[in-house]
1. Find the relative contact order for the range 356-449 and round it to a whole percent, using C-alpha pairs within less than 8 Å whose residues are 6+ positions apart.
2. With contacts defined as alpha carbon pairs under 8 Å and 6 or more residues apart, what's the relative contact order of the range 74-154 in percent?
3. Angle between the Cα long axis of helix 178-202 and the longest principal axis of the chain, 0 to 90 degrees, nearest 10?
4. Along the charge dipole of the range 219-327, pointing to its positive end and built from +1/-1 on Cβ of Lys, Arg, Asp and Glu, which listed residue (Ser311, Pro263, Leu297) has its Cα farthest out?
5. What does the highest-first list of 236-242, 367-373 look like by mean Cβ count within 10 Å?
6. Over the chain, what relative contact order in percent results from Cα pairs under 8 Å that are six or more residues apart?
7. Could you tell me how many degrees, from 0 to 90 and to the nearest 10, lie between the Cα long axis of helix 292-301 and the main elongation axis, the longest principal axis, of the Cα atoms of the chain?
8. Using modelled backbone amide H atoms (1.01 Å from N, in-plane), which distant-in-sequence or interchain residues come within less than 5 Å of Arg220's amide H?
Amino acid sequence: MAKVFYGTIIHSVSVSEIEFISNGLLFVDAQGRVAKLLRNVPQDQLQDGLAGIDLAVAELTVLEDNQFIIPGFVDTHIHASQYSYCGNGHDIPLLEWLDSLTFPHEAKFKDSHYARNIYTRAVARSLRNGTTSACWFATIHLDATKELVRAIHEQGQRAFVGKVNMNQNAPDILIETTESSIADTRAFVEYVNSFNTQLMQDQASDQRSKPLVTPIITPRFAISCTSDLLRGLGKLAAEFDIPIQSHLCENTNEIEFTMSSFPDSTSYTAVYADHGLLTQRSIMAHCVHMKDDEWTLMKDSHAGISHCPSSNFNIKSGMADVRRMIDMDLKVGLGTDVAGGYSCSILDAIRCSRICSIARNPTRSLLIPELFYMATMGGARVMELGDTIGNFNVGMEFDAILVNIAVKGSPIDVFAHDTVQTKFEKYLFVGDDRNNAKVYIQGKEVKLS
Ligand code: GUN
Ligand code: FE
């Protein structure tokens, strides 16, 4: 059903500018696209603004004083299989953390029923926090990863989903052969593609909108894959023309191990490039310890970066140079990296990112427009969805959060001096999921639990 919203609408228009629209009138068509956005429509002229809209087929929402609409958040890096121990195991650095906590948990995803339960809850929590698009890592297990696709589809999130690849440097129970890893990845991609084809056929022709779930090639990181597996995955990504995600330059011990495993490559970033895995469709998480030539390689390949500050603090990886990423106009968005990060909320990623940037570069720390951009438009650009989501320009798909800062139990207190700007900032820095009154994806309200 088409929708019309009247009230305060806030979105990024560029990395340096947030537009605050008062008395906005936003029209969303039945396919979930922004059809019209009018600014400054006085209350007494609302009926004129609505002229031509048949309210029998369009639902009108008039926002209250302490409500506003913002674009949905984009989480460019999150591990669904790690949700069950979110908040545990911090203070252990990456490689030890993988061995002691992550791998034993991920081994359990051999059982698809077990996977189904955790995946359903991880996706619900992510949506509840206003994440309308997410790049998910599953585990090596094909059947369990299909469960993640189904859990996401049933709850209506926009997502990239990856079956993880590992054929070395993990416990035996999590080791694939090169052949089975590639065969299962191919089977997974074909599963999602046929799932989407079926979905399109099932939809009424006048209601056709693009499928929301996309398969993504997901070598865990260079350490966990041999050169022949990495090369095979690069070929699969090219064959199906699909995105790629992995971890890059997260931790100094990891980098040392990687360079000793791939002596023919000039850098960690070059390892991915040398295997056909650094393209404009790649999403590299972390990028904390990068050399000059690696930044150049990222720029030249048009690859995207998922900045995961909460995880980088928690498992003590370091502080990424986000100022440099933005100055170089690299594609950069935010990632929660659950469970390296303790929170499924992009609001938390915004806060950690701000602190990280102040600690690294106090004189040129990130500004609020830059933080909000990374959480929305920047993340969309990283997912190569910059023409589809990220703000409310006409033609964009309507992925949004209806924020209510005065909801019962709200962590935010509103005072007489508050303006639209101060209310918005309070949401970013004090708000939480209780303030997310409604979440919309592709124009449809999703159920929050
Ligand atoms: N590097 C390889 N695997 C992982 C993971 O699961 N989490 C994080 N943060 N880094 C990784
Ligand atoms: Fe990660």
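The values are calculated or read from the model by the stated rules, or taken from the named source; none is laboratory data. Since the model is a prediction, treat every value here as computed from it, not as a measurement. Don't worry about glycine lacking a Cβ; one is built from the backbone with ideal geometry, like all the others, and counts go over all protein chains shown. All accessible areas refer to the heavy atoms of the entire protein, side chains included, with ligands and DNA or RNA removed. Shrake-Rupley method; radii C 1.70, N 1.55, O 1.52, S 1.80 Å.
1. Working: 95 pairs, mean separation 21.0, N = 94.
Relative contact order for the range 356-449 comes out at 22 percent.
2. Values: 82 pairs, mean separation 38.9, N = 81.
It comes to 48 percent, rounded to a whole number.
3. Roughly 20 degrees, rounded to the nearest 10.
4. Towards the positive end, the residue furthest out is Ser311.
5. Working: 236-242: 15.6, 367-373: 21.0.
Averaged packing, sorted descending, gives the order 367-373, 236-242.
6. Numbers: 995 pairs, mean separation 92.2, N = 449.
Reported relative contact order: 21 percent.
7. Approximately 60 degrees, to the nearest 10.
8. Asn165
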